[in-house]
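Here is the structure we will look at, set down as structure tokens.
What follows draws every value from the coordinates through simple rules; no lab data is involved. All values derive from a computational prediction rather than experimental measurement. Positions of Cβ are generated from backbone atoms using ideal geometry, with glycine treated the same way; all protein chains shown enter the neighbour counts.
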There are 2 protein chains.
Amino acid sequence: MSFRERLKKIVEQVDGAIGALIMGYDGIPIDESIRPNASLDVQLLAVEYATLLKEIKRTVDVLKTGGMEEVSITSGELRVVIRALNEEFFMVLLLEKEGNFGLGRYLLRLNAQAFRDMLQD
Amino acid sequence: MSFRERLKKIVEQVDGAIGALIMGYDGIPIDESIRPNASLDVQLLAVEYATLLKEIKRTVDVLKTGGMEEVSITSGELRVVIRALNEEFFMVLLLEKEGNFGLGRYLLRLNAQAFRDMLQD
């Protein structure tokens, strides 16, 4: 399965999912699957979250409570769930506010190793 | 009920909770309830997370997807759940990795309005 196929499957399975991406900390997506009717500026979002995630990673490193694994950020209209893959890449799931957060987190965790393996090939 | 009593009640109800705080974005806690055996440097954590949360708030504002409501950050040994209260203050729940994340989030949401009211008095 390609990156995109795997991301698409996650988006299709989760109620309220808007899209899923594999991204680098440099703000450049490796691949993405976005619902056709999505009204978000995914490009802007990707760049802003990559910058932010670097800050979060720095803070987590300072606090020495183990490596960063998962981050979720909920605002008025959007829930963003992020799972770190390795030192270079992370995955992002964008959800409507009332989307299935629990299932989304679970599927990110479930797919993380497969994505890690694909990134190393 | 005082800030501390309400925070203590949350910590006691949630399996794996280490502590709960009401904090300002300036890094100064208003009040806190920390389990006696906690080995964390809560002071350092408070300052680092306040700085980080300002960054997260800035990003959320740039993306215009509604105001920041909830943030959770999981590292190897610790889960930090944060709920924004108003422009100045937020609440933090510190959990062991295997603690009851769902109940913790629920209790933060449930208590947010009471804390907001207390902060305005």
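Figures for the structure shown
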read-out: Chain B, relative contact order in percent, only Cα pairs under 8 angstrom and at least six apart counted; value: 27 percent
read-out: Kirkwood hydrodynamic radius of the range A:26-89, Cα pairs, Å; value: 13.2 Å
read-out: Rh (Kirkwood; distinct C-alpha pairs) - the protein assembly as shown, Å; value: 18.3 Å
read-out: Number of partner chain Cβ atoms within 10 Å, mean per residue of A:55-61; value: 5
read-out: Extension gain, B:Asn37 back to B:Arg116 (0.36 nm per residue minus Cα-Cα distance, nm); value: 25.5 nm
read-out: Karplus (6.51, -1.76, 1.60) ³J(HN,Hα), θ = phi - 60°, over the range B:16-27, in Hz, Gly and Pro reported as x; value: x, 6, 9, x, 9, 9, 10, 10, x, 5, 7, x
read-out: Exercise: per-residue mean of other protein chain Cβ atoms within 10 Å, A:46-52; value: 3
read-out: Neighbour-limited loop hits for GluC sites (Glu not before Pro), the range B:71-121 (at most 16 other Cβ within 10 Å; DSSP other than H, G, I, E, B); value: B:Glu77, B:Glu87, B:Glu88, B:Glu98
read-out: Rg and Dmax [Cα atoms of the range B:3-120; Å; Rg one decimal, Dmax integer]; value: 13.3, 41
read-out: Label point 7 Å beyond Cα along the C-beta direction, distances from A:Glu98 to other copies (nm, shortest first); value: 3.6
read-out: C-alpha center-to-center spacing [the range A:51-70, the range B:1-44] in angstrom; value: 21 Å
read-out: Label 7 Å beyond Cα on the Cβ vector: A:Thr51 copy-to-copy distances, nm; value: 1.8
read-out: Total formal charge among the other residues, if their Cβ is under 12 angstrom from that of A:Asp61, Lys/Arg +1 and Asp/Glu -1; value: +1
read-out: Ranking of B:Ser33, B:Ser75 by count of other Cβ atoms within 10 Å, fewest first; value: B:Ser33, B:Ser75
read-out: Shielding by other protein chains, A:74-86, mean Cβ within 10 Å; value: 4
read-out: Copies compared at B:Ile28 - label distances in nm, ascending, label defined 7 Å from Cα in the Cβ direction; value: 4.5
